[in-house]
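The structure appears right after this line, and notes come after that.
Readers should treat all values here as calculations from the given coordinates under stated rules, not as data from a laboratory. Keep in mind the model is a prediction, meaning the values are calculated, not measured. All Cβ positions, even for glycine, are placed from backbone atoms using ideal geometry, and neighbour counts span all protein chains on display.
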Amino acid sequence: EGIGLSSGALREATALGFSVLPLFSYYSYHGPVFRVLVRVTHGKPHDTRDYGFISYCNKCGNSEGYSWGELGQMCCPCSNGEVSRSLVVSGPLWTGPLHDADYIGEMIKLAGELGWTYTEKGGVDLEKLLQKMLEESDCRLPFGYIKLDEIASRAKINSPPLSTMIITLQKEGYATSRSHIASNAIKTNCPMAMCIQIAKKLQQNQLI
Ligand SMILES: [Zn+2]
């Protein structure tokens, strides 16, 4: 799922000629609340590709982002170029990175200086959380996340361990990280079909 960065407010801001860039986003289970710290500047958005539409295919589980211009040409790889009835589309929303890597880096440094690094609040370890956020801010990573349970149920296998799956995807050359939003989920630029293949291979090789 993508993050609906209060899309009403976002639309209003862009209509007024402002550009909104998320610096930091934090999802709290106790709410649930999604907090986003944004930088609002006057002028055109840095990259209009980051505002768009997200499709999710009910049939194969593939997710894809689309720009305004591509709205008419949505089709899932699983339907061989034909119009897919299995696509659910949401938007317009922010489909770019959730955090600004430089900003998170500064926060980690600051937390260290203030001696907050090993602070735990509400069962959340600050350093681990910031580290996850830093991984998530890799600009190659797409919006949203994939639950391992979804990969497992589509592959008809048991859920692979999170760390094994992440390391394997990275070895295969895909940008992959944990998600600070969902505990047993990954962010990756690996398409769902390939995630399924890799998870199956892991199972067969009994690497897990
Ligand atoms: Zn599909």
J(HN,Hα) series, segment 60-76, from Karplus relation 6.51 cos²θ - 1.76 cosθ + 1.60, nearest Hz, glycine and proline x
10, x, 6, 10, 8, x, 10, 7, 4, x, 8, 3, x, 10, 6, 8, 8
Determine, from the Cβ-Cβ distance of Met194 and Leu71 and an R0 of 22 Å, the FRET efficiency 1/(1 + (r/R0)^6), rounded to the nearest 0.05.
0.30
Could you list which residues have their amide H under 5 Å from that of Gly144, counting only those 5 or more apart in sequence or on another chain, with H placed in the peptide plane?
Ile3
Which listed pairs, of Lys59/Lys201; Lys59/Lys132; Lys128/Lys171; Lys132/Lys171; Lys156/Lys187, have C-alpha distances above 28 Å, in listed order
Lys59/Lys132
Would you kindly derive the ³J(HN,Hα) couplings of segment 168-173 from the backbone phi angles with the Karplus curve 6.51 cos²θ - 1.76 cosθ + 1.60 (θ = phi - 60°), listing them in order in whole Hz, with x for Gly and Pro?
5, 4, 5, 4, 6, x
Expressed as cubic angstrom per residue, what is the convex hull volume of the alpha carbon set of segment 145-208?
68 Å³
Fully extended contour minus Cα-Cα distance, from Trp116 to Glu150, at 0.36 nm per residue:
8.7 nm
